[in-house]
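One structure below.
The values are calculated or read from the model by the stated rules, or taken from the named source; none is laboratory data. Computed from a predicted structure; not experimentally measured. Here the Cβ is made from the backbone with ideal geometry for all residues, glycine too, and neighbour counts use every protein chain on show.
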Amino acid sequence: MPERPSVPRHLLGIEGLTAGQIAPFLDLAESYALLSRSRSAPRDALRGRTVINLFFEDSTRTRTSFELAGKRLGADVINMTVATSSVNKGETLLDTASTLNAMRCDLLVVRHGQSGAPALLSQKVEASVVNAGDGTHEHPTQALLDALTIRRHFGRLEGLTIAICGDVGHSRVARSNIHLLTALGNSIRLVGPPTLLPSAMAELGNVTLYSDMDEALKGTDVVMSLRLQKERMGAGLVPSSREYFRFFGLDRRRLALANPGALVMHPGPMNRGVEIASDVADSDQSVIAEQVEMGVAVRMAVLDRLSRARMPS
Ligand code: NCD
């Protein structure tokens with residue numbers, strides 16, 4: 001029987017990963033964050049490797065972040081943006097898989113509108129697959145970069161109370177964060193209109209559901225705001241943007257209910273004045289720009305570790 005590799009071959013989600021499997025990604029990312037600041041990342045870690053960014057859904061920061069991460073480590077990075085509107089998705093995926101196999105790429109970064117698409121591809125391609133967001137399912141590198149940002153501020157990643165606010169139901173970011181943060185021993189509060197907060201989410205571990213934003217924010221260490229994912233919504237799930245902001249917008253008054261110095265986070269893209277007030281997004285409690293910076297470091301760590309899993313021993 002072949003020996004079980006100590007590093008995973010793919011990163012398809014956070015669900016099921018243990019604290020011990022999560023920590024090495026964060027530790028390596030932490031060192032890459034420092035090296036990136038001093039512009040001394042090892043440019044040969046991925047030399048000769050090919051990374052393909054295969055994006056079936058729009059993305060600015062995630063795609064750019066993976067591209068930069070690969071390039072900072074010396075990989076050849078190719079971006080493929082695929083229009084899905086006119087083609088059958090199942091067929092496209094399988095066709096794409098055989099094309100990619102023929103190209104012999106090493107790492108495949110996939111974003112897709114359908115939950116489970118990266119996992120399906122991982123069974124059909126020889127490359128290591130990284131899920132860069134699939135439908136409403138998971139966005140593992142976002143959860144890792146959020147975790148790293150939180151850990152850098154508190155010096156730990158356990159025993160914290162974290163509120164995740166807004167369109168939780170459609171959010172793969174929320175799902176991956178819930179898996180990661182509960183696996184490490186934090187308490188999660190989910191808050192949003194009942195139409196955007198599936199009650200089944202209360203079963204995901206140390207998770208409490210709230211419909212009152214003020215109540216949810218009291219005594220929290222981190223407030224994570226989420227975009228209203230209108231593209232994934234049917235009609236009638238939310239009132240007007242103005243009314244939504246009145247009940248669920250993160251403004252200064254509400255932020256003052258959280259613990260002093262609580263971190264304000266948002267995965268982007270933000271709708272200022274809808275889920276978050278502009279002055280809160282730009283306040284000194286906001287770590288939104290640092291999340292973006294940690295995103296590159298985390299993706300360097302993920303590409304590096306997965307490519308090591310592929311190295312012949
Ligand atoms: C998120 C995504 O695509 O899931 N954005 C991101 O990756 N930076 C969140 C969102 O689209 O609202």
**OP:** Go through segment 260-274 and count every residue that is within 16 Å of the ligand (Cβ to nearest atom) and part of a strand (DSSP E or B).
**Re:** 3
Original post:
Does segment 76-93 hold any residues that are modelled with pLDDT of 65 or more and either surrounded by 14 or more Cβ atoms within 10 Å (Cβ to Cβ) or hydrophobic (A, V, I, L, M, F, W, C) (or both), and which are they?
Top reply: D76, V77, I78, N79, M80, V82, A83, T92, L93
Subject >> Filter result for the condition that a residue is touching a Gly at 6+ places or on another chain (Cβ under 6 Å), aliphatic (A, V, I, L, M) and at pLDDT 95 or above, over L145, L73, L108, L68 >> reply: L145
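Specify which of the listed residues (L303, L257) is more than 30 Å from V130 (Cβ to Cβ), touching a helix residue (DSSP H, G or I) at 6+ places or on another chain (Cβ under 9 Å), away from the ligand (no atom under 13 Å from the Cβ) and among the aliphatic types (A, V, I, L, M).
It is L257.
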Subject >> Counted residues, segment 243-298 - those being within 15 Å of L145 (Cα to Cα), among the β-branched types (V, I, T) and free of Cβ contacts under 8 Å to residues at least 60 places away in the same chain >> reply: 2
Original post:
Are any of the residues in segment 228-243 buried (at least 19 other Cβ atoms within 10 Å of the Cβ) and not hydrophobic (A, V, I, L, M, F, W, C)?
Top reply: no
Original post:
Which of the residues that make up segment 153-177 are away from the ligand (no atom under 12 Å from the Cβ) and either over 15 Å from V264 (Cα atoms) or more than 17 Å from the chain's Cα centre (by Cα) (or both)?
Top reply: H153, F154, G155, R156, L157, E158, G159, L160, T161, G169
**OP:** Taking the residues in segment 47-71 that are part of a strand (DSSP E or B) and among the hydrophobic types (A, V, I, L, M, F, W, C) as candidates, determine which candidate is nearest to the ligand (Cβ to nearest atom).
**Re:** F55
